[in-house]
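Heads up: the structure comes next, in structure tokens.
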Amino acid sequence: MKNLLTFSRQKASEREPNDLNTIVDHAVLLVKHKLEMQNIELVERFAEGLPPVDCDANQIQQVALVLMMNASEAMPSGGRLEVITELDGSTGEAALRVKDTGCGIPQDVLPRIFDPFFTTKEDQNRTGLGLAVAYSIVEQHGGEIKVDSTPGRERNFAWPCR
Ligand SMILES: Nc1ncnc2c1ncn2[C@@H]1O[C@H](COP(=O)(O)OP(=O)(O)OP(=O)(O)O)[C@@H](O)[C@H]1O
Ligand SMILES: [Mg+2]
């Protein structure tokens, strides 16, 4: 529901130069307990000397949260979550990478994950707006959001994630 509100509100964002590591660190603090409860090992690798990001810190924090929540939901019986900040070699901009060892995303599902209301999760309260909101925030900031997934055999076996 919170995502839905953010999606429809589309309020003008308040941008200023921000340190990506600080934003991501705040987001990690919000999910840390959930990760511990779920037996998920957290690996954080923050690059030093990243260029400041001209952004609305709350919105970019929301993007980080969406990615980490999805990652944790893909690992219901534990795994490893990597949260990495780095310099994008091609653009020279700061980048965030979130990796998990969860069930992965089948090739035929990949093109749809950023669609509003798309979800493969079965519980009633899903809006399927998490990644659609993240996509729209990143796009409004002139950034790029990409996904890469190679479900292994064992992981395919676990699909669909709940
Ligand atoms: N890390 C991930 N591992 C596996 N599947 C993922 C991952 N992230 C996203 N997905 C897939 O993309 C779909 C869309 O994600 P999105 O965050 O938009 O919606 P949701 O998580 O299903 O629901 P909501 O975020 O609104 O609660 C998910 O239902 C899932 O199938
Ligand atoms: Mg989600």
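The values are calculated or read from the model by the stated rules, or taken from the named source; none is laboratory data. As the structure is a computational prediction, the values presented were derived from the model and not from experiment. Note that each Cβ is placed from the backbone with ideal geometry, even for glycine, and that neighbours are counted across all protein chains shown. Remember, those area values only see protein heavy atoms, side chains included, never the ligands or the DNA or RNA. Shrake-Rupley method; radii C 1.70, N 1.55, O 1.52, S 1.80 Å.
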Among 86, 16, 44, the single one that is touching a residue at least 24 places away in the same chain (Cβ under 8 Å), open to solvent by 50 Å² or more (accessible area, probe 1.4 Å) and under 17 Å from residue 139 (Cα atoms) is 16
When only residues in segment 99-116 that are over 12 Å from the mean Cα position of the chain (by Cα) and among the charged types (D, E, K, R) count, which is least open to solvent (accessible area, probe 1.4 Å)?
-> 115
Six or more apart or on different chains, Cβ under 9 Å: which pairs go from a residue in segment 19-39 that's within 16 Å of residue 51 (Cα to Cα) to one that's open to solvent by 100 Å² or more (accessible area, probe 1.4 Å)? Could you list them?
-> 21/48; 23/58
Considering residues that are open to solvent by less than 30 Å² (accessible area, probe 1.4 Å) and either more than 11 Å from ligand 2 (Cβ to nearest atom) or more than 12 Å from the chain's Cα centre (by Cα) (or both), the number found within segment 130-147 is 3
Going by the conditions given, is residue 119 open to solvent by 30 Å² or more (accessible area, probe 1.4 Å) and more than 8 Å from ligand 1 (Cβ to nearest atom)?
-> no
